[in-house]
Structure formats: C-alpha cells, structure tokens
Number of protein chains: 2
Amino acid sequence: MSQLLRVQNFTVSSDGFGAGEGQSLEKPFGHADPGNMFAWAIATDHPPINRSEPGGSRGLDDYITRDYARNIGAEIMGRNKFGPQRGPWQDHEWQGWWGDEPPFHTPVFVMTHHKRPSFTLSDTTFHFVDGDPAAVLAQAKEAAQGQDVRLGGGATIIRQFLKADLVDTLHVAVVPTKLGSGARLWESPDELLDRFHQDVVPSPSGVTHHLFWRK
Amino acid sequence: MSQLLRVQNFTVSSDGFGAGEGQSLEKPFGHADPGNMFAWAIATDHPPINRSEPGGSRGLDDYITRDYARNIGAEIMGRNKFGPQRGPWQDHEWQGWWGDEPPFHTPVFVMTHHKRPSFTLSDTTFHFVDGDPAAVLAQAKEAAQGQDVRLGGGATIIRQFLKADLVDTLHVAVVPTKLGSGARLWESPDELLDRFHQDVVPSPSGVTHHLFWRK
C-alpha cells in the first residue's frame, strides 16, 4: 500500500475556522478557546496530547482519536502550529508549545521560509524546511519509512496541500461553536466533494465528524 | 494500561442474531446470508478477512474495521465459530473456514469440551481449550503478552463472557435485516446499559454501530 497523507483530528468551528485571530504565546489559538474546541478529544481514552489522568470515553470519538498515530511515521505542520513567532527566528530556546514530551513521537517537518537548526525533544525531532508542498511531502515520506504522513495543520497549510491535490484522507471535527474570524479551513465542507467521498457522522459528544477519502 | 477483552466487528441482525439456524460446512452462518451481514465490513479498506482486491471505503465503517487488529494479541472463539462439527473431533484435517492464511495472526483459543492438538497455519496458532470463561481468558491474556484479547464470538460465547462480567468493550454492528431465529446475542442492546456506556452511531452504509465500554 502506498504512503498516504492524512489529516487527523483537525477541529474547526461551525463556520470553518481552525483557530481564532490574535495568536500569541499565551493564546495559541487566538480568540478561540482550545478547551472548548478540543473538549471532544480530551474526553476520550486516547487524546492526541499527553494527559496525566488515565481513563476517558471509548465510544465513537475514541475510535477517531486512537487513529491519530496509527501507522504515522512523520508529521508536516505550518509554522503557526509550531509557534506564534513571525519572521526570522529570534530565540532558539523556545521549542514549541508541547514541553519536553511532544505528542508526535516522529520526525516533524515545520514549514517556514526561515532557517533554524533541527532539534530533538524525547522521541520527536523537529526539522524546519522551506519548499513547496510536494517537496516537503517527499521529505516527510522518506522520513516516515513506509508509514503514512500526518498533515497537522493549521488551516492554511491544509488548504495549500489540498490546492496541490496532495491530501489522501481528512478527518475534520466540526464543533457547534462559531468563531466569526480566524484561520479558515473552508467556507463549506462541500468544497471537497469534487475530489473526495465524504461520511458525515454526528457524535453523541456534540461534534460532527467529517471523514473524507479520495474518489 | 491493563489488558482488555474486546468484542470487535460482531455483526447481528436487527432482531439480535449473530448467525442463523442450520450451520453446516456449506453454510457457516446457517440461514443467514454472510454476504448481506458483512457487506458493510467487506466494502471498507480494512476488512477483517483476507481479500484479493485492494481499495475500499475509508469513512466511518473503515475506522471501525481497522480497529479490529489494533493492539490485539490473542483471540478467543467458540467452537461454532471454528467449525460446524459437534461432539468429539472426527477429522483433524479440516482446519477451520479460513484456508491457509487465517485472518487472525495471533494465537486463537477455541473453546470446546473435546480435546484436539494445537496446530499452526501461517501466523495463526489454534489452541483447543476447555474451561470456564475466566480460565480461558487468563490463558489468552498470557499468550497476548500485554496486548488486548479479542472475543471473536459467536453470540453464545459472548453471552457467556458478558454473564461472567469479563468483557471490557464491545462493538456490535446491527444490520437492517431480520433473521427470526438463530444464535441470539441480545433481545435488545439495552440489556447492557446497566454496566456499559453506549454510543449508537448510524453509518451511511446502513448499519448502526453500537459501541459499549465499561462504566
């Protein structure tokens, strides 16, 4: 089986935004409340972050979250997912939002026009790469050693890879909250239906899972 | 995390039967049509059987089917899942329904009062064990080496393990077809609600997934 590029657990507001406006060190999601956006995932037994408390739900949402790392060998993310800085890197001591144990456990390719040395935290190595989506994907696939590559977001990067027709599957969780502005993934999920099959699955938790795979 | 006992992809009719009446070598599911019962799983990209053609859907049903083997280190099945024979084994040459490449890829513990030597086909080894559910589960957990154990069915075995309160999670797919008689899993899924949380998830394919996990 060929290596896929997969979007997993990408969460957007009901009006299509993956993050709010005004990203900062204190507010990674700008005016969006991550506690609200990601409550559906945090409540599961397999949240895609490190969590101290064990336990959690094992229903539909957990099927979704436990697929996050399955057969993933690398991640690609945009610079704004890595951090709020813009322009040349001023401070190499800041190493992302995730502390000493990032939840990726694979090589991560951060797309940026500004060079920065790779570094490793626990079992995650961050590489900072310039290039078009196809070139970055080729690097990530090589690093993934036969496994799939996760496209981690944010919304802007996902749109770039969709435009280049490089995405094979997408899972987007739509929360029943409007943001009004921010980083937009889509005006409507219908935009993807020319190229993708879609399942729309309402979850008992209140989110609606949109599952897309290539026609 | 402790080892779980999981029911995965167990498919029943809308009136609660996992198989029809009149099981035979020619009709593993008796008067039930397996092509109808399992169409939802066969159509996915990760069906829990060996399939020659690649491809398949990657929506909700595929999230379910690709969970079938995740972190599974052993299976327990009833004798009627292994074969239609009753009483002492007459023919050791018959080695189950699955041909030279059984889809289990782990040790499999077949519950029977009638002794039979273990044998291996490809990466699946079948053991024939007598004992109560707790004793068989202990054997299977040891063989699973820290991974979970799948309870493969049929309905009678699942009911036995439920009665002994040994099941941790269940996924049951309900197909919109009545069988009228056969091996019954339940009169109603509500029977499990005293001990389990439940998500009920209708799939675009027409089946309804019932996901249970311990309270």
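Quick notes on this structure:
- Alpha-carbon spread of the protein assembly as shown, three principal axes, descending order, Å: 77, 40, 37
- Using the 1.4 Å probe convention, the accessible area of chain A works out to 44 Å² per residue with neighbouring protein chains retained.
- Here the convex hull built on the C-alpha positions of the stretch A:130-193 has a volume of 103 cubic angstrom per residue.
- Inter-copy label distances for A:PRO54: 4.0 nm (label point placed 7 Å from Cα along Cα→Cβ; shortest first).
- Label point 7 Å beyond Cα along the C-beta direction, distances from B:ARG214 to other copies (nm, shortest first): 4.2
- Spin-label model distance (nm) - B:ARG214 vs A:SER2, 7 Å beyond Cα toward Cβ: 4.4 nm
- The chain A residue nearest the rotation axis shared with chain B, using its Cβ and rounding the distance to whole Å, is A:TYR63, 2.
- P(r) tail, the stretch A:19-65: Cα-Cα pairs separated by more than 15 Å, 50% of all pairs.
- Heavy-atom surface analysis with a 1.4 Å probe gives the protein assembly as shown a carbon and sulfur content of 52 percent of its accessible area.
- Where GluC sites (Glu not before Pro) fall in DSSP loop in the stretch B:1-101, at most 15 other Cβ within 10 Å: B:GLU21, B:GLU26, B:GLU93
- Label spacing, shortest first and in nm, from A:GLY87 to its equivalents in the remaining copies (7 angstrom along Cα→Cβ): 8.9
- Rounded, prolate or oblate (a/c below 1.5 giving rounded, otherwise prolate when a/b exceeds b/c) for the stretch A:69-151 by Cα gyration tensor: oblate
- Chains B and A together bury some 2000 Å² of accessible area, summed over both sides, with a 1.4 Å probe.
- Per-residue 3J(HN,Hα) values for the stretch A:83-97, derived from phi via the Karplus relation 6.51 cos²θ - 1.76 cosθ + 1.60 with θ = phi - 60°, read x, x, 5, 10, x, x, 5, 9, 9, 7, 6, 6, 10, x, 7 Hz in sequence order (x marks Gly and Pro).
- Computed from the C-beta positions of B:GLU93 and A:ILE49, the FRET efficiency with R₀ = 56 Å rounds to 0.60.
- What the Cα atoms of chain A give is an Rg and a Dmax of 16.4, 45 Å.
- Contact order relative to length of the stretch A:83-194, as percent, for alpha carbon pairs under 8 angstrom and 6 or more apart: 17 percent
- For B:ALA74, distant residues with modelled amide H under 5 Å away: B:ARG150
- A probe of 1.4 angstrom, applied to the heavy atoms of all protein chains, finds A:HIS127 with accessible area near 50 square angstrom.
- Table column - 3J(HN,Hα) (Hz), the stretch B:148-165, Karplus curve with 6.51, -1.76, 1.60, x for Gly and Pro: 6, 10, 9, 9, x, x, x, 4, 5, 5, 4, 4, 4, 6, 5, 4, 7, 6
- Across all directions, the average flat footprint of the convex hull enclosing the Cα atoms of the stretch A:3-102 is 8.1 nm².
- Phi to ³J(HN,Hα) by Karplus 6.51 cos²θ - 1.76 cosθ + 1.60 over the stretch B:13-24, Hz, x for Gly, Pro: 6, 5, 9, x, 9, x, 7, x, 8, x, 4, 8
The values are calculated or read from the model by the stated rules, or taken from the named source; none is laboratory data. Bear in mind that the values here come from a model prediction, so they are computed numbers and not experimental data. FYI the Cβ positions are ideal-geometry reconstructions off the backbone, even for glycines, and counts take in every protein chain you see. The accessibility values were calculated without ligands, DNA or RNA, using every heavy atom of the protein model including side chains. Shrake-Rupley method; radii C 1.70, N 1.55, O 1.52, S 1.80 Å.
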